[in-house]
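As structure tokens, the structure follows; a few thoughts come after it.
The values are calculated or read from the model by the stated rules, or taken from the named source; none is laboratory data. Treat the numbers as computed from the prediction; the structure is a model and nothing was measured. Cβ coordinates were reconstructed from backbone atoms using ideal geometry, including for glycine residues, and neighbour counts include every protein chain displayed. These area figures cover heavy atoms from the full protein model, side chains too; ligands, DNA and RNA do not enter into them. Shrake-Rupley method; radii C 1.70, N 1.55, O 1.52, S 1.80 Å.
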Amino acid sequence: METKLLIVDDEPDIVAMLASFFTGKGYQVLTAQSGREALLRAEQSPDLILLDVSMPDLDGLAVCQAIRDHISCPILFLTARIEDTDKVRGFSAGGDDYILKPFSLVELEARVQAHLRREARHQSQARVRFAGELAIDYGEQRLFFGKEEIPLTKKEFDIVELLSQNPGQVFDKERIYEKIWGYDSEGSSGVVAEHIRRIRAKLAVHSDRVYLETVWGCGYKWNR
């Protein structure tokens, strides 16, 4: 089955270039030239989304926030400029990576393939249960407490997956960032603490047990 990409950018030339390139590489390509059109195309369940940040009607961050709770595929932002505050906003919205314009098509495809490989590994995982009522479904990338699902963004789930599959092992922020966002990502490890805080808040609604423990001066670990 062909891998399905959704390419979203308000510049027709960029959309046409990327669509031609990835179609030539054997991908099935969906395109959109506005945020609102992207919301409609996202209903076709793409395997990965290349999403321009700056669009006039509905920007990429707003699109990402609107679809992230319903679509778990990787979302890679395309942007002409990037500052630390922009990175934090993008990752907090549920984005997985940033691609800085102008970019090399060869490098872009490599980044796309890297994220797709990670997705394939996620899909091959079996369901694992921890601590009685808490259940982590690695294949579906979903977290449950009893029969109630705890909604997580993709990056939040990735952190839970990394730590829960290595219970008791301490990971510092830099290592978590490299594992989840990738060595060549444009962001910084400072975004990890915010993701950890949000995961804890969601877990605390259901249980007072500390699943994610801070090891002061070292990092974080999943309690056995």
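Per-structure values
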quantity: Using a Förster distance of 30 Å, the FRET efficiency for SER20-ALA204 (Cβ separation, nearest 0.05); calculated: 0.05
quantity: nm² value of the averaged projected area, convex hull over the Cα atoms of the chain; calculated: 12.3 nm²
quantity: Largest-first ordering by accessible area, 1.4 Å probe, given options LEU48, LEU105; calculated: LEU105, LEU48
quantity: Coordinate range along principal axes, alpha carbons of the stretch 17-137, Å, largest first; calculated: 49, 33, 28
quantity: Farthest positive-ward along the chain dipole, Cα basis, beta-carbon charges - from LEU40, VAL53, PHE145; calculated: PHE145
quantity: Antiparallel bridges, percent of DSSP beta bridges restricted to the chain (to nearest 5); calculated: 50 percent
quantity: Residues whose placed amide H lies under 5 Å from that of LEU30, excluding near-sequence neighbours; calculated: LEU5, LEU6, ILE7
quantity: √(5λ) per eigenvalue of the Cα gyration tensor, the stretch 37-106, largest first, Å; calculated: 18, 14, 12
quantity: For the stretch 20-94, accessible area per residue (1.4 Å probe, heavy atoms of protein chains only), Å²; calculated: 46 Å²
